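Report on the following structure.
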Amino acid sequence: MLKKKKKFLYVMICIICLGSLGFGNFYYNMKLENTANAAKKALQDDSIVKETAEEATVNSADVLSEKLTKNFPEDLSVKITEKINAGKTVKLAALGSESTSTDKGSWGELLQKDLDKAYGKGAIEVTAEGIKDDLSINIIKDKKYKTLLEQKPDILLIEPFLLNDNGNVKVEDTLGSLDILLADVKKISEDTTVMIQPPNPIYKPVFYLDQVNKLEEFTKENELIYLNHWGAWPDQNSEEMKMYVDMNTYQPTEKGEKVWAKYLINYFTGK
């Protein structure tokens, strides 16, 4: 009887030991599986957070650029937005007479500074080709703008040498020169969007005002973008105008450069 009890006790101890080992192994495997699942979930959550953050960044950039380019034609707005969001530089070239410049204090330099603030430094690059004391007919004949066009800018802002031509060339010939220039733009860089702006106003313009009005009519007839900054300047017949344009050179003063720049900055930043 005692032997039977010992045998039974021995069997029970073996069963308990085996059960303990089995439960321990099961518990260990469960713990490993739970740890693995937790790590997998953490990786998935982290990936979702990163993807959401990336999408938010892209969407934010799209909204930002679309707001800044709202004054542009739709196709140009899309093109500029896509280039900027892809990290590519947008080329904005300006062609005109002496006042077309990126020198210190010029409207070109002021425009560049504000574009850097609005779009980010390097997003839009402004270059300028200002041709002093030459007539439009000579500039066109000698193709003095060819190097600028060969850079294939995304936007070309043209000031058609009206102030250079004033008193020397008929406005019809100035506009004829502009027509040839526009044809050359299409030939050399067909993807370039052309914008036209008048030169700076002067104090009490007479024939010059008529020439500028004819330029605006030309742009409407040819469905060109016309950036008429004259409305941002003081009344051309007022004495105040003398503070904005040098009476000897007919070039913009510091005040004139700023008012011209502000108009362009507002256009190019969606204001």
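The values are calculated or read from the model by the stated rules, or taken from the named source; none is laboratory data. This structure is a prediction, so every number in the text was calculated from the model and none was measured. A quick note on method: Cβ atoms are made from the backbone with ideal geometry, for glycine too, and the neighbour counts reach across all protein chains shown. For the accessible areas, the whole protein counts, side chains as well, though only heavy atoms, and no ligand, DNA or RNA atoms are used. Shrake-Rupley method; radii C 1.70, N 1.55, O 1.52, S 1.80 Å.
Residue ranking by accessible heavy-atom surface, 1.4 Å probe, largest first, among MET195, MET247 comes out as MET247, MET195. Close amide H contacts of LEU157 (hydrogens built in the peptide plane, cut-off under 5 Å, sequence separation of 5 or more or a different chain): ALA93, ALA94, LEU95, MET195.
Can you give the local net charge around PHE161? Use residues other than it whose beta-carbon is closer than 11 angstrom to its beta-carbon, Lys and Arg +1, Asp and Glu -1. Around PHE161, the surrounding residues sum to -4.
Report, please, the projected area of the stretch 229-271 averaged over directions, based on the convex hull of its C-alpha atoms, in nm². Intermediate results must be reported in sequence, preceding the final value.
On the way: hull surface 12.0 nm².
Average projection, Cα convex hull of the stretch 229-271: 3.0 nm².
Here the contact order of the stretch 116-181, divided by its residue count and restricted to Cα pairs under 8 Å and six or more residues apart, works out to 38 percent. Look at the alpha carbon pairs under 8 Å that are at least 6 residues apart: their mean separation over the length of the stretch 151-271 gives a relative contact order of 24 percent. Between the alpha-carbon centres of the stretch 207-239 and the stretch 61-130 there is a gap of 22 Å. Within the assembled protein chains, the solvent-accessible surface assigned to LYS186 is about 150 Å², based on a 1.4 Å probe.
Structure shown: which of LYS121/LYS170; LYS132/LYS220; LYS91/LYS214; LYS88/LYS143 lie over 32 Å apart, alpha-carbon to alpha-carbon?
Details: LYS121/LYS170 42 Å; LYS132/LYS220 27 Å; LYS91/LYS214 29 Å; LYS88/LYS143 29 Å.
Flagged as over cut-off: LYS121/LYS170.
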